[in-house]
Amino acid sequence: MAATKHLLLIPIFSLLLTTVFSRSSPHSFNTLDIPSSLQQALAILSFSTQAAASLDQSKPATSSSSPSLSLQLHPRDSLFQPQHKDYKSLTLSRLARDSARVDSLNLKLQLALDNVKNSDLNPVLDEESQSTVEPEELSTPVMSGTSQGSGEYFSRVGVGSPPKEFYMVVDTGSDINWLQCDPCSDCYSQSDPIFNPSESTSYAPLSCYTSTCRSLDFSACRNGSCLYQVSYGDGSYTVGDFVTETVSFGGSGKADGVAIGCGHDNEGLFVGAAGLLGLGGGSLSFPSQIKATSFSYCLVNRDSRSSSTLDFNSPPGANSVTAPLTKSKKVDTYYYVGVTGMSVGGQSVSIPTSVFQIDDSGNGGIIVDSGTAITRLQTSAYNSLRDAFTKYTKDLPSASGVAIFDTCYDLSSYKSVKVPTVSFDFSDRKSVSLPVSNYLIPVDSTGTFCFAFAPTKGSLSIIGNVQQQGTRVSYDLKNSVVGFQLNS
């Protein structure tokens, strides 16, 4: 048996240090604790309802600048039922779903670039006045959906009056809010009971002649009421009544009259959640409807049993690294961030700045997305990043590629390894350096770790949630700024 190896003698507490710094910082290497990473990966498979119950009394991991209205974290009890026999099976399932997710984002962008408009798809409807939803400061828990083979994150949200709580996917790459409703002609399995509109006093169908109904990409009328359809790139879809409802966030507040889809026919890979909370930049997203000036979230480690919070109208962290937040003229859903480049080991990678910019036709640019797991880069940019990383890791034993990962290592005989930092660079010499667990991740239980970036055939680059984990990401919608605050 090979002797256990140590590539670097650095105290473990160094892994916990905040790694936000300027490009002139001398910190250019991180240390990965192999046994700890594998132990955490395996623990998620055995997470049970009983284990989740112990989290009821836990406090949310919030930043020092957290809002005064903050909801105590809740466990997502029944969602944490392992469906995979081993960690590799879970990883492959998650990556397959993630690829479908990326296809969905690119398809939406391509339709916009091809000038496929709502008017080409929908009947012409008359506009009616609509009531608005006043902004409130709201907070709700966020937790990892990894145990279900999903790279998404879930939040506990109340719907209706009196409110019934449901687990809903938190998605910055989508606008339409929806959940499964009775009567269900075809519904997938979810952890909570199906929402019953007849039990809510605040449930109100929308007329098909309202501007809200007209704002849908796909809509129709039935007896004067608005119908919606949302389709995703993986073949998943939801169809039903477009209504207004009260959406509540525990004891921290509620929003009345929120437009939401009441889905009676829902199929695909939504995995356990009752529906989706759209956090995109479009007019029908939840932040837009409540006229939120900002929102933020912190995504816990994908294999963690803990959780954090999703906050609306909360101040950004004082120590956040900020960058411009821009919108495309073609697609208002996506949040484009002003990345100027990337660094490995403290050295800038040779990637043209234009890769991260939107051109006049709407191609290019890089978005922040909570629903995509693995960061995707244009192929040439990815190759440059990967080559810069492998230059520092030549002494590590290589392993065969796994799914979308082409750079993997057999670290089964190591206790710790020293690897170069990976950073996103912004203007004014600002950088966010990722924790090592955000870019060198286990893909099985035997010690195979892979470089957690991947190429994309499209022009759109995406910062995924694996790279965001452990970071408070703040969207200042009023001032068009995005902030990154690590260890929040």
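The values are calculated or read from the model by the stated rules, or taken from the named source; none is laboratory data. Keep in mind that what you see is a predicted model, and the values were worked out from it rather than measured. Glycine gets a Cβ as well: all are built from the backbone with ideal geometry, and neighbour counts include every protein chain shown. Heavy atoms of the whole protein, side chains included, go into the accessibility calculation; ligands, DNA and RNA do not. Shrake-Rupley method; radii C 1.70, N 1.55, O 1.52, S 1.80 Å.
Selection of the stretch 161-181 for residues being in a loop (DSSP other than H, G, I, E, B) and in contact with a helix residue (DSSP H, G or I) (Cβ under 7 Å, 6 or more places away or on another chain) yields Gly173, Asn177.
Scanning the stretch 471-483 for residues that are open to solvent by 20 Å² or more (accessible area, probe 1.4 Å), of a type in the set (D, E, K, R) and under 29 Å from Ala292 (Cα atoms) turns up at least one hit.
Results for (1) in contact with a Pro (Cβ under 6 Å, 6 or more places away or on another chain); (2) under 23 Å from Asp86 (Cα atoms); (3) open to solvent by less than 10 Å² (accessible area, probe 1.4 Å); (4) not aliphatic (A, V, I, L, M), shown as yes or no for each residue.
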{"site": "Cys408", "(1), (2), (3), (4)": "no, yes, yes, yes"}
{"site": "Ser423", "(1), (2), (3), (4)": "no, no, yes, yes"}
{"site": "Ser431", "(1), (2), (3), (4)": "no, no, yes, yes"}
{"site": "Pro435", "(1), (2), (3), (4)": "no, no, no, yes"}
{"site": "Leu440", "(1), (2), (3), (4)": "no, yes, yes, no"}
{"site": "Phe449", "(1), (2), (3), (4)": "yes, yes, yes, yes"}
{"site": "Ala452", "(1), (2), (3), (4)": "no, yes, yes, no"}
{"site": "Pro455", "(1), (2), (3), (4)": "no, no, no, yes"}
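Under the condition of being more than 24 Å from the chain's Cα centre (by Cα), acidic (Asp, Glu) and either part of a helix (DSSP H, G or I) or surrounded by 18 or more Cβ atoms within 10 Å (Cβ to Cβ) (or both), the residues counted in the stretch 186-202 number 1. Looking only at residues of the stretch 304-323 that are open to solvent by 60 Å² or more (accessible area, probe 1.4 Å) and not charged (D, E, K, R), we find that the one that is modelled with the lowest pLDDT is Pro316. Suppose we filter the stretch 326-345 for residues that are within 21 Å of Ile176 (Cα to Cα) and not in a loop (DSSP other than H, G, I, E, B); how many remain? The total comes to 2. For Asp241, the conditions (1) surrounded by fewer than 18 Cβ atoms within 10 Å (Cβ to Cβ); (2) at pLDDT 95 or above; (3) over 21 Å from Arg156 (Cβ atoms) all hold with the exception of (1). With a requirement of 3 or more residues that are aromatic (Phe, Trp, Tyr) and touching a strand residue (DSSP E or B) at 6+ places or on another chain (Cβ under 6 Å), none of the strands (runs of 3 or more DSSP E) lying completely within the stretch 222-296 satisfies it. Restricting attention to the stretch 291-301, the residues being open to solvent by 10 Å² or more (accessible area, probe 1.4 Å) and under 22 Å from Ile441 (Cα atoms) number 2.
Hey, does the stretch 346-353 have a residue that's part of a strand (DSSP E or B), in contact with a helix residue (DSSP H, G or I) (Cβ under 8 Å, 6 or more places away or on another chain) and farther than 29 Å from Lys254 by Cα?
Filtering the stretch 346-353 for residues part of a strand (DSSP E or B) gives 347-348.
Restricting the remaining residues to those that are in contact with a helix residue (DSSP H, G or I) (Cβ under 8 Å, 6 or more places away or on another chain) gives 347.
Applying the additional criterion that residues be farther than 29 Å from Lys254 by Cα yields 347.
Within the stretch 346-353, one or more residues are part of a strand (DSSP E or B), in contact with a helix residue (DSSP H, G or I) (Cβ under 8 Å, 6 or more places away or on another chain) and farther than 29 Å from Lys254 by Cα.
For every residue, the table says whether it meets (1) over 24 Å from the mean Cα position of the chain (by Cα); (2) closer than 25 Å to Val331 by Cα.
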{"position": "Thr212", "(1), (2)": "yes, yes"}
{"position": "Asp217", "(1), (2)": "no, yes"}
{"position": "Ser231", "(1), (2)": "no, yes"}
{"position": "Tyr237", "(1), (2)": "no, yes"}
{"position": "Gly240", "(1), (2)": "yes, yes"}
{"position": "Ala255", "(1), (2)": "no, no"}
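Which residues, counting only those in the stretch 360-373, are open to solvent by 10 Å² or more (accessible area, probe 1.4 Å) and under 25 Å from the mean Cα position of the chain (by Cα)? Listed by number, the list holds a single entry, Asn363.
Is it fair to say Leu279 is within 17 Å of Lys327 (Cβ to Cβ) and surrounded by 24 or more Cβ atoms within 10 Å (Cβ to Cβ)? Write out each step before concluding.
Working: within 17 Å of Lys327 (Cβ to Cβ): yes; surrounded by 24 or more Cβ atoms within 10 Å (Cβ to Cβ): yes.
The answer is yes for Leu279.
As for the stretch 203-223, it holds no residue that is of a type in the set (Phe, Trp, Tyr) and without any contact (Cβ under 8 Å) to a residue 40 or more places away in the chain.
Only one entry in Val349, Val321, Val355 is on the phi < 0 side of the Ramachandran plot and touching a Phe, Trp or Tyr at 6+ places or on another chain (Cβ under 6 Å), namely Val321. If Val258 satisfies every condition in (1) closer than 30 Å to Leu440 by Cα; (2) in contact with a helix residue (DSSP H, G or I) (Cβ under 6 Å, 6 or more places away or on another chain) but one, which is the exception? Every listed condition holds for Val258 apart from (1). Picking from residues in the stretch 203-238 that are in contact with a helix residue (DSSP H, G or I) (Cβ under 6 Å, 6 or more places away or on another chain) and hydroxyl-bearing (Ser, Thr, Tyr), the one that is most open to solvent (accessible area, probe 1.4 Å) is Tyr203.
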